[in-house]
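Let me begin by presenting the structure, written as structure tokens, before commenting on it.
Computed from the coordinates by the stated procedures, all read-outs in this text should not be read as laboratory data. Just so it is clear, the structure is predicted and the values come from calculations on it, not from any experiment. Glycine gets a Cβ as well: all are built from the backbone with ideal geometry, and neighbour counts include every protein chain shown.
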Amino acid sequence: MALSIAGIALGVALGYGVHLVNRAAVSDVAAAVRSLAGEADLEVRGARSGFPEALYPRIAQLPGVAVASPALELQAGIAGGERTITLTGIDILRAALLQPQLAEQGRAELLAPDRVLLSMAAADTLGLAKGDVLELVAGQHTVKLKVAGTASSLRGVSALTDIATAQWRFDRLGQLNRIDVRLKPGTDLQETLGRIREALPPGVHATPLQSLEEASAYPSRSYRVNLNVLAMVALFTGGFLVFSAQALEMARRRGEHALLRVLGLKRRQIARLALAEAALLGAIGALLGLALGYAVAFAAVRAAGADLGAGMFRGVSPDVRISLPGAAAYFVAGVAVSVIGALLPALDAARTPPARALKAGDEQTLFQRVTPLWPGLLLLASGAGLSQLGPVDDLPLFGYAAIACVLLGSIALVPRVAQALFGMLRLPANPPVALAVGQLQAAPGQAAVSLAAIVASFSLMAAMAIMVASFRESVHRWLEDVLPAELYFRTSHAGDTAQLEPGFEARVRALPQVARAEFLRTGRMVLDPAKPPLALIARDRAARAFPMIGERYERRAGDPIGVWASEAVVDLYGLAPGKRLELPISGRNHPVVVAGIFRDYARQHGALLIDRAT
């Protein structure tokens, strides 16, 4: 019983803990969208390179627009480390119309040059207080901004500064990449949205804020779903522990149940008794699991962050709070898994005739009814069929169902496999071993009871080990192809405020020790605002930079310039070699043709590769 309770408790703890972490992270990301937009109805956003600030007055003067607040949002690298901070330059007088609390927190401070307001999370993470200096990377230099205080409305690792300071210090004069728009009361959102979109240059998108909040969690969706599925696997294994424990308990108490039947209890009452016991075990385990899950979530967020160390939620500082609907759902799941695990033993106890159950040795006939071949074969066939179905709303739901069918089918075949294998064995001379082999030959159903949890847990563990080992080997081979040089350098670990100065490339190539030097530049490109932005990689010898897969498209006369797409882009946008599309670069749409597909493990949401000279 203790083992059953522990199995359910661990399954519920992992499930509820992952639920709390994911919920907190997604809520914080969605709140970050609102932290500056405030009462805005929609947002105009461009790529990293931004758009001319002349677009701002054009949008502000459109019919139906009540307030337009310009902004320059940058992912700035922090000098001397690998961290980044979201730095947003705003016009405090305009932004305060959308978020009045900003006027109270930072109007005077932000009107002074080279001042910055930090979020509480940024101040804690960086260890900075009012009067300290924040050093950020700009080009190949550093910019020093004086901390003027903190702003409680900011979320994540972020900071605010005056828009003039952001444009001036980071060499973005005349550039914006965001405009928050609030409409006049009674204005039709879709009609105004259409007018704004007509005024936008290529690569700039206007999207309702509600859609942006929903899309903010999209990049981490697959990661969160897989975490939840892995947590449910633990609960699934806990159900098999309950099954094994309850089956052995039913066998031990077979005579007691038969006596109760003789004294007048009905079959359904015996089954109810066994299921009620399992439900009680599940309830105790679920309650322990909920408490443990909250503790695990709290500790995990403090130790590894909202992404549990995976890098999915950079700059997010979530607050883990108890979720009553989630707690209720996982409590019910724990009890349900426990009851389902005890269902077969309970039915077997109820169906066994009292007269037979009172005979000595009848416990050896346990689960003879579950030994036919057809259930296991049907489940395996179902698993094979489900594995061929496509995703549902971009989620491999049929794939998860296929894994469950294969597991259950394999376990259902264990009695037959055990009977066949042990039937071929000769009884050994050693009496205890001979007795054990004979018992297994005579009661193959017990093999299913003993091996159910082992098969479920060990097969999943082996599958995980094979998957991880395969991926590690694949990444190792990929790195050998994409990192062929002896020395690498970059302006900063991440962010979009650092770049190499003109002339630096020529100085590096002129060094007598350098045989060959290749340079690259990366940017972000939004093809669909409902999907994550793509990375645009411009580098020397682009066609040889990454391992290519599949067929290549041979360019013909009259074809536009060629680009290469990563596998993720193929999945997200349905691209293929030879397909044409338009890329918004520097305010213009440029026709391109997909020359081939390359493998890229570094950018999971997709990348496009183009020759740097082009």
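On full extension of the chain, what length is gained from Glu480 through Tyr400, given 0.36 nm per residue of separation minus the C-alpha to C-alpha distance?
My answer for the length gained is 25.5 nm.
Under 5 Å between amide H atoms, partner at least 5 residues away or on a different chain: which partners does Ala66 have, H built in plane at 1.01 Å?
Arg182, Leu183, Lys184
Given the Cα-Cα distance of Leu93 and Ala429 and 0.36 nm per residue of separation, how much length would full extension add, in nm?
111.6 nm is the gain from fully extending Leu93 to Ala429.
Using the alpha-carbon atoms, what tilt in degrees (0 to 90, nearest 10) does helix 431-442 show relative to the longest principal axis of the chain?
Roughly 80 degrees between the two axes.
Cα atoms only, segment 504-611: Rg and Dmax in Å?
Every Cα atom of segment 504-611 included, Rg and Dmax give 15.0, 49 Å.
Once you put a point 7 Å from the Cα of Ala420 and another 7 Å from the Cα of Phe298, both along the Cβ direction, what distance in nm separates them?
Label-label distance for Ala420 and Phe298, simple model: 5.3 nm.
Sorted by average packing, counted as other Cβ atoms within 10 angstrom per residue and highest first, what order do 582-591, 221-230 take?
In descending order of packing, they fall as 221-230, 582-591.
What percentage of all Cα-Cα pairs in segment 1-99 are separated by more than 24 Å?
It works out to 48 percent of all Cα pairs.
Between Ala336 and Leu373, take the C-beta separation as r, use R0 = 25 Å, and let me know the FRET efficiency to the nearest 0.05.
0.30
Please turn the phi angles of segment 166-182 into ³J(HN,Hα) values with the Karplus equation 6.51 cos²θ - 1.76 cosθ + 1.60 (θ = phi - 60°), one per residue in order, whole Hz, x for glycine and proline.
5, 5, 6, 6, 10, 6, 10, 4, x, 10, 10, 9, 7, 9, 8, 10, 10
What list of ³J(HN,Hα) values in whole Hz, one per residue of segment 55-60 in order, does the Karplus curve 6.51 cos²θ - 1.76 cosθ + 1.60 (θ = phi - 60°) give from phi, with Gly and Pro shown as x?
Calculated HN-Hα couplings, in order: 5, 4, x, 5, 6, 4 Hz.
Be a star and scan segment 586-609 for residues whose amide nitrogen sits under 14 Å from the point 7 Å along the Cα-to-Cβ vector of Arg197.
Backbone N within reach: none found.
With a point put 7 Å past each Cα toward its Cβ, work out how far Arg253 is from Phe458 in nm, to one decimal.
Distance between the two pseudo-spin positions: 2.9 nm.
Taking the square root of 5 times each eigenvalue of the Cα gyration tensor, what semi-axes in Å does the equivalent ellipsoid of the chain have, largest first?
Three semi-axes, in Å: 59, 31, 23.
Please report the spacing between the Cα centers of segment 598-614 and segment 65-80 in Å, no decimals.
Each part reduced to its Cα centre gives a spacing of 26 Å.
Rank Tyr488, Ala510, Ala108 by how far each Cα sits towards the positive end of the charge dipole of the chain (+1 on Lys, Arg Cβ; -1 on Asp, Glu Cβ) and give me just the farthest.
Result: Tyr488.
With just the Cα atoms defining each centre, how far is segment 539-565 from segment 218-256? Give it in Å.
Here the two parts' Cα centres lie 48 Å apart.
Using modelled backbone amide H atoms (1.01 Å from N, in-plane), which distant-in-sequence or interchain residues come within less than 5 Å of Leu527's amide H?
Under 5 Å from the amide H of Leu527 lie the amide H atoms of Leu534, each far enough along the sequence or on another chain.
What share of Cα pairs, in percent, lie more than 23 angstrom apart in segment 371-488?
Everything past 23 Å amounts to 54 percent.
To the nearest 10 degrees, how steeply does helix 189-198 sit against the main Cα axis of the chain, on a 0 to 90 scale?
50
7 Å from Cα along Cα→Cβ at both Leu487 and Ala384: what's the point-to-point distance in nm?
Distance between label points: 5.8 nm.
Sum -39500 (n - 2.57) across every DSSP H segment of at least 4 residues in the chain, then divide by the residue count to get the 222 nm mean residue ellipticity, nearest 500.
Result for the chain, helices only: -16500 deg cm²/dmol.
Go through segment 463-479 residue by residue and turn each phi into a ³J(HN,Hα) via Karplus (6.51, -1.76, 1.60, θ = phi - 60°); whole Hz please, and just put x for glycine and proline.
Running phi through 6.51 cos²θ - 1.76 cosθ + 1.60 with θ = phi - 60° gives 4, 5, 5, 5, 4, 5, 4, 5, 5, 4, 5, 5, 5, 4, 5, 5, 5 Hz.
So, by mean Cβ neighbours within 10 angstrom, what's the order for 258-269, 74-85 with the highest one leading?
Highest mean packing first, the order is 74-85, 258-269.
Going by alpha carbons, how many degrees (0 to 90, nearest 10) lie between the helix axis of 100-111 and the longest principal axis of the chain?
That works out to roughly 50 degrees.
So how many Lys-Lys pairs in the chain land under 26 Å Cα to Cα, not counting same-chain pairs under 8 apart?
4
Enumerate the amide H contacts of Arg83 below 5 Å, restricted to partners 5 or more residues apart or on another chain; note that Pro and chain-start residues carry no placed amide H.
Result for Arg83 returns Ile78.
Would you mind getting the Kirkwood hydrodynamic radius of segment 53-169 from its Cα pairs, rounded to one decimal in Å?
Averaging 1/r across every pair of different Cα atoms and inverting gives 14.6 Å.
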